[in-house]
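Novice: The structure that follows is given in the form of structure tokens.
The values are calculated or read from the model by the stated rules, or taken from the named source; none is laboratory data. In this text, all values refer to a predicted model and were calculated from it rather than measured experimentally. Don't worry about glycine lacking a Cβ; one is built from the backbone with ideal geometry, like all the others, and counts go over all protein chains shown. Note: areas computed on protein heavy atoms with side chains; ligands, DNA, RNA excluded. Shrake-Rupley method; radii C 1.70, N 1.55, O 1.52, S 1.80 Å.
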Amino acid sequence: MIHWRQSVLILILLMIALLAIAGWNWLRSGLPQIDGQIYLPNLKQPVQIQRDHYGIIFIKSKTQRDAYTALGYAHAQDRLWQMELMRRAGAGRLSEIFGTRTSQTDRFLRTLGLRKAAEKSILQLSIEVLDALSAYSDGVNAYIKAHKNDLPPEFTLFKIIPEPWKPLDSMIWQKLMAMSLSQNWRTEALRAQLATQLSSSDIQLFLPVKNQGAPLKSSITTIKARDWASLREIYPPSLMSYGASNAWVIAGNRSASGKPLLANDPHLSLELPILWYLARIDAPDYHIAGATVPGVPFHILGHNTNIAWGFTSSGTDVEDLIIEQTDPENPNNYLTENGSTPYLLHTEDLRIHNAPTEHLIIRETRHGPIISDVLPSLNFLDSSKTIALRSTTLSEKDLTAESLYRVNTARNVTDLKDALDLFMAPVQNVVFADTLGNIGIRLAGLVPIRSTSEQGPIPTDGSTADRRWKGFVPPKDLPQINNPSQGFLSNANESLSSELISEFEPP
């Protein structure tokens with residue numbers, strides 16, 4: 001009897017051990033291959049990928065295009081699940097995996113139309129940038145194709161197979177980052193909420209704006225404080241930026257080497273895995289090192305042979321909330337200063353795991369998409385009012401990807417500045433230095449020129465005037481400082497105002 005029990009116990013322990021070994025091997029199956037040879041069908045010549053003891057990759061290739069393919073493969077090896085979530089978030093497709101838990105986030109992002117804006121923006125890019133995006137996609141897809149049966153465990157747990165990566169998927173990251181770092185419309189909603197309880201001078205203490213005389217209570221008190229609070233809550237927590245960043249640069253006359261020193265600390269919210277992915281690429285006439293992000297072939301921060309650069313968020317106001325008035329005689333129209341005009345309507349099919357497909361009707365006005373339609377309760381507002389969002393992130397002619405490519409390949413400060421002229425969103429303070437000893441900082445991105453002084457700090461009425469922007473501040477007129485006499489520059493997300501420039505660079 002004892003012998004039989006011992007045999008059963010041994011058998012159970014053996015089964016547990018076998019299951020543990022199988023589980024361990026399954027979990028390890030998604031880990032990257034770090035030695036040996038891998039065949040990639042789209043490579044023109046052999047490429048070498050090495051990793052140091054920190055896991056940072058070093059790519060050596062004979063061509064720049066092959067380097068982008070290798071980077072795509074490495075990103076997919078290490079961060080494919082992160083990349084999958086990123087592109088699904090931008091396209092409003094998280095609910096296909098997570099069900100109703102993410103349906104509100106999908107509604108919001110579908111209403112914004114980030115993917116549609118990216119689809120039109122990609123048509124504006126040069127052949128060189130499109131080729132880089134295509135080469136990167138080749139690398140990602142080579143990994144997906146070769147590892148259909150041993151993808152990271154998250155894909156198995158959620159029973160999904162990743163679709164082929166497209167250049168458009170890389171474009172979505174920039175839209176998401178721009179939206180994450182451009183949330184001042186939420187501050188407008190907070191000012192409107194406070195305006196029902198506090199005076200303009202009191203609000204100025206908490207949320208200061210330059211045009212202090214703005215009539216904070218004009219046109220916004222018709223919506224209750226709790227409604228403004230509800231509006232702010234629709235922003236998906238996963239896309240909110242809780243971080244900050246800082247950067248500094250020192251001229252050569254203040255360093256031991258006689259060359260400039262530049263440092264950048266882009267600390268965003270704490271995540272696992274983090275946003276950044278450090279990499280170095282060495283190819284003929286193309287040497288670059290710094291921070292990439294999984295899903296994008298270009299270095300966001302770093303240095304090449306001749307220049308170094310870093311970013312900090314500027315907090316520039318690039319978004320407006322516009323209160324629209326629905327035509328009481330025709331609910332399909334909204335009112336303008338010239339009369340009634342139809343809402344632009346289109347329908348999105350929102351597929352939700354373990355739930356019926358939702359047909360989301362999205363309304364737009366001349367000012368932008370109606371975001372008040374995607375509140376948890378669609379009746380929180382008076383039925384005659386809606387709220388549109390105007391944002392530079394929604395631009396359909398966004399050349400930020402073009403800008404990053406040209407920054408990566410810049411040979412001097414002039415090239416860098418020309419590249420930054422194409423940068424659109426999010427608006428960033430850019431510090432830079434080159435091997436000739438030049439240092440500087442400048443604002444880069446689209447800064448709206450508004451039609452009225454109150455527009456920007458607070459929501460404004462769209463039924464009495466056209467609130468579309470007059471244009472954007474020309475890049476040459478954006479604040480910048482070059483080779484200051486004190487020999488250093490720094491920034492920690494504060495604005496680069498004209499006052500700051502005069503303070504840093506005395507006449």
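Novice: Using square roots of five times the C-alpha gyration tensor eigenvalues, list the equivalent-ellipsoid semi-axes of the chain in whole Å, biggest first.
Specialist: Computed over the chain, the values are 41, 34, 21 Å.
Novice: Tell me which of GLN204, TYR68, SER245 sits at the most positive position along the dipole axis of the chain, charges placed on C-beta atoms (Lys, Arg +1; Asp, Glu -1).
Specialist: Checked the options; the winner is TYR68.
Novice: Anything over 22 Å Cα to Cα? Flag those among LYS62/LYS259; LYS116/LYS159; LYS116/LYS175; LYS224/LYS385; LYS397/LYS417, in the order listed.
Specialist: Check vs 22 Å cut-off fails for LYS62/LYS259; LYS116/LYS159.
Novice: Please give the direction-averaged projected area of the C-alpha convex hull for region 284-387, in square nanometres with one decimal.
Specialist: 12.5 nm²
Novice: D for region 75-226, whole µm²/s, Stokes-Einstein with Kirkwood Rh over alpha-carbon pairs at 25 °C and 0.890 mPa s: what number? Don't skip to the end; give the middle numbers.
Specialist: Values: Rh = 18.6 Å.
Diffusion coefficient, whole number: 132 µm²/s.
Novice: May I ask you to give the solvent-accessible area per residue for the chain, in square angstrom, as obtained with a 1.4 angstrom probe?
Specialist: Each residue of the chain exposes 48 Å² on average to a 1.4 Å probe.
Novice: Compute the relative contact order of the chain as a whole-number percentage, counting only Cα pairs closer than 8 Å that sit 6 or more residues apart in sequence.
Specialist: Normalised by residue count, the contact order of the chain is 18 percent.
Novice: To continue, here is another question. For ASN483 paired with ASN149, estimate the spin-label separation in nm (one decimal), with each label point 7 Å from Cα along the Cα-to-Cβ line.
Specialist: 6.3 nm
Novice: I need the calculated FRET efficiency for the pair ALA263 and LYS62, taking r as the beta carbon distance and R₀ as 41 Å, to the nearest 0.05. The partial results should precede the final answer.
Specialist: On the way: r = 32 Å, r/R0 = 0.79.
Here the calculated transfer efficiency is 0.80.
Novice: From the phi angles alone, apply the Karplus equation (6.51, -1.76, 1.60; θ = phi - 60°) to region 107-116 and give each ³J(HN,Hα) in whole Hz, x where the residue is Gly or Pro.
Specialist: Couplings: 4, 4, 6, 5, 5, 5, x, 4, 5, 5 Hz.
Novice: So what's region 381-473 giving for Rg/Rh, alpha carbon basis, Kirkwood Rh from the mean inverse pair distance?
Specialist: Value, to two decimals: 1.13.
Novice: Can you say what percent of the DSSP beta bridges in the chain, counting only those with both residues inside, are antiparallel? Round to 5.
Specialist: 90 percent
Novice: While we're here: Compare the Cα positions of GLN486, ALA433, THR464 along the charge dipole of the chain (+1 at Cβ of Lys, Arg; -1 at Cβ of Asp, Glu; about the Cα centre) and return the one farthest towards the positive end.
Specialist: Sorting the options by dipole projection puts first ALA433.
Novice: Taking the alpha carbon gyration tensor of region 37-102, what are the square roots of 5 times its eigenvalues, largest first, to the nearest whole Å?
Specialist: Calculated on Cα positions only, the semi-axes equal 31, 14, 9 Å.
Novice: Okay, next question. Under a point spin-label approximation (7 Å from Cα along Cα-to-Cβ), what is the THR357-GLU233 distance to one decimal in nm?
Specialist: Here the modelled spin labels are 3.1 nm apart.
Novice: Hey, another quick one. Give, rounded to the nearest 20 debye, the magnitude of the charge dipole that the chain has about its Cα centre when Lys and Arg contribute +1 at Cβ and Asp and Glu contribute -1 at Cβ.
Specialist: The calculated dipole for the chain is roughly 940 debye.
Novice: Hey, another quick one. Answer with one residue from SER403, SER372, SER134: the one whose Cα lies farthest towards the positive end of the charge dipole of the chain, charges on Cβ with Lys, Arg +1 and Asp, Glu -1.
Specialist: Of the listed residues, the answer is SER134.
Novice: What order do you get for 109-118, 359-368 when each peptide is scored by the mean count of other beta carbon atoms within 10 Å, highest first?
Specialist: Most protected by this proxy first, the peptides run 109-118, 359-368.
Novice: Would you mind computing the Rg to Rh ratio of region 293-340 from its alpha-carbon coordinates, Kirkwood style for Rh?
Specialist: Here Rg/Rh amounts to 1.41.
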